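K.L.:
I'd like to ask you about the structure that follows.
Read-outs throughout are calculated quantities, based only on the coordinates presented, and are distinct from any laboratory measurement. Given the structure is predicted, the values throughout are model-derived calculations rather than measurements. Neighbour counts run over all protein chains shown; Cβ positions are idealised from the backbone, glycine included.
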Amino acid sequence: MPSGPSKISLRIGVDVGGTKIEAAALNPDGLIRDRRRIPTPTGSYPGTVQAIVNLVREIERELGEEGTVGVGIPGVVSADSGLVKNANSTWLNHHPLDRDLSAALGRPVKVANDANCFALSEAVDGAGADAEVVLGVILGTGVGAGVVVRRRPLTGANDIAGEWGHNPLPSPDPDELPGPDCYCGRKGCIETFLSGPALSRQFKAAGGKSLPALEVAQLAEQGDPLAGDLLERYAHRLARGLAGVINILDPQVIVLGGGLSNIRLLYREVPRLWARYVFSDQVHTKLLPAIHGDAGGVRGAAWLWLED
């Protein structure tokens with residue numbers, strides 16, 4: 001085995017999701033040399049560890065060399081306990097995933113939040129390449145984000161940097177108060193307004209059919225007045241939410257990922273709308289779609305070893 005990560009050119013990233021685990025091997029220039037996907041052993045922590053180990057070993061056998069290993073998960077490894085916390089794949093919680101993987105593979109393994117991996121992927125060689133501060137926003141089943149500063153993920157003192165989805169919706173209208181219940185125990189979190197399920201619920205509550213969020217967006221593009229009104233309001237809420245982050249973080253680039261990032265109207269309307277809420281005479285922050293799409297998770301996990 002090589003003496004350390006600095007002598008290894010192969011970067012292996014693993015993205016652990018609720019239904020699938022994906023792994024990819026990258027060259028230093030970002031070229032994907034091997035990529036494969038398997039179902040997640042849902043509910044089984046030992047099964048998930050073994051599945052990750054098997055994927056890494058299969059890739060290394062195929063390519064004939066060993067690599068560094070980074071893993072993205074829907075949670076974080078607590079700096080205090082060393083155990084996974086806040087994972088919606090709940091069987092990962094309360095386990096030392098990085099240590100268990102390191103022991104099984106015989107080398108150090110870095111584990112990070114999947115939103116941080118997405119943001120890192122786009123900051124290294126994606127839509128936010130060359131930007132000093134990049135916010136990678138996930139708009140999907142939930143709402144979250146990762147923060148990357150000078151190509152390094154920012155985790156924070158409490159391991160929650162980027163969790164803007166659980167701030168209250170800024171500048172709420174009277175009919176937005178107190179806001180929908182959130183699974184976190186509070187009301188009116190940004191996630192309860194901007195997630196895919198939230199948009200679906202809003203459409204149904206306004207008299208529409210029960211449809212997935214992207215189908216509501218498609219109706220809006222086709223001229224449906226109800227869907228169009230809801231999508232305009234969605235853009236306004238997103239603008240308010242992101243303006244609050246810009247006022248604190250002031251990123252050069254905000255990259256959107258997740259299913260709702262495919263709504264083209266957002267890239268036109270949100271920057272126009274957020275100007276009234278940002279504390280500046282000009283807003284130079286760019287709002288861009290992700291370049292790497294669904295490969296962002298594995299690419300970002302692989303880039304966790306970038307500086308090494």
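K.L.:
Calculate one ³J(HN,Hα) per residue across region 181-189 by plugging θ = phi - 60° into the Karplus curve 6.51 cos²θ - 1.76 cosθ + 1.60, and present them in order as whole Hz with x for glycine and proline.
P.N.:
Karplus-based 3J(HN,Hα) across region 181-189 equals 5, 10, 4, 6, x, 9, 10, x, 5 Hz.
K.L.:
Over the Cα atoms of region 180-246, how large are the radius of gyration and the largest Cα-Cα distance (Dmax), in Å?
P.N.:
12.3, 37
K.L.:
Something else about it: Using only alpha carbon pairs under 8 Å that are at least six residues apart, calculate the relative contact order of region 104-165 and give it in whole percent.
P.N.:
29 percent.
K.L.:
Please compute the Kirkwood hydrodynamic radius over region 5-114, one decimal place, Å, based on all pairs of different Cα atoms.
P.N.:
Roughly 13.9 Å, rounded to one decimal.
K.L.:
Another question about this same structure. Measure out, as a whole number of angstrom, how far apart the alpha-carbon centroids of region 227-251 and region 54-93 sit.
P.N.:
Spelled out, the Cα-based centre of one part sits 33 Å from the other.
K.L.:
While we're here: May I ask you to evaluate 6.51 cos²θ - 1.76 cosθ + 1.60, the Karplus curve with θ = phi - 60°, for each residue of region 142-156 and list the ³J(HN,Hα) values in order in whole Hz, giving x for glycine and proline?
P.N.:
x, 10, x, 6, x, 10, 10, 10, 6, 6, 10, x, 9, 9, x
K.L.:
Whole number please: convex hull volume per residue of the Cα set in region 35-74, in Å³?
P.N.:
77 Å³
K.L.:
Quick one: which residues, 5+ away or cross-chain, put their amide H under 5 Å from the amide H of Gly257? H built at 1.01 Å from N.
P.N.:
Val137, Ile138, Leu139
K.L.:
Please list, ordered by chain and number, the residues whose modelled amide H lies under 5 Å from the amide H of Leu26; skip anything fewer than 5 residues away on the same chain.
P.N.:
Amide H neighbours of Leu26: Arg11, Ile12, Gly13, Arg33.
K.L.:
If you place +1 on the Cβ of every Lys and Arg, -1 on the Cβ of every Asp and Glu, and leave all else neutral, what size is the dipole of the chain about its Cα centre, to the nearest 20 Debye?
P.N.:
With Lys and Arg at +1 and Asp and Glu at -1, about 200 debye.
K.L.:
Quick query: amide H of Val71 versus all other amide H atoms, modeled in the peptide plane; which residues come in under 5 Å with a sequence gap of 5 or more or a different chain?
P.N.:
Amide H neighbours of Val71: Val14, Lys110, Val111, Ala112.
K.L.:
Size of the dipole of region 5-114 about the Cα centre, Lys and Arg at +1 and Asp and Glu at -1 on the beta carbon, nothing else charged, in debye to 20?
P.N.:
Result for region 5-114 is approximately 40 debye, rounded to the nearest 20.
K.L.:
For region 127-290, what size does the Cα cloud have along each of its three principal axes, sorted from largest down, in whole Å?
P.N.:
Ordered largest first, region 127-290 gives principal extents of 46, 34, 28 Å.
K.L.:
Divide by every residue of the chain the summed helix terms, -39500 (n - 2.57) for each DSSP H run of at least 4, and state the resulting mean residue ellipticity at 222 nm, rounded to the nearest 500 deg cm²/dmol.
P.N.:
After summing the helix terms and dividing by the residues of the chain, the value is -10500 deg cm²/dmol.
K.L.:
Compute from the Cα atoms of region 209-308 the Rg and the Dmax, the latter being the longest Cα-Cα distance, and quote both in angstrom.
P.N.:
15.8, 53
K.L.:
Let me ask another. Specify which labelled value, from (1) 69, 18, 14; (2) 26, 24, 22; (3) 35, 21, 18, agrees with semi-axes √(5λ) of the Cα gyration tensor in Å derived from the coordinates of the model shown.
P.N.:
(3)
K.L.:
Using each residue's phi in region 117-125, evaluate 6.51 cos²θ - 1.76 cosθ + 1.60 at θ = phi - 60° and report the 3J(HN,Hα) Karplus result to the nearest Hz, with x for Gly and Pro.
P.N.:
Rounded to whole hertz, the list is 5, 4, 5, 5, 4, 6, 6, 6, 8.
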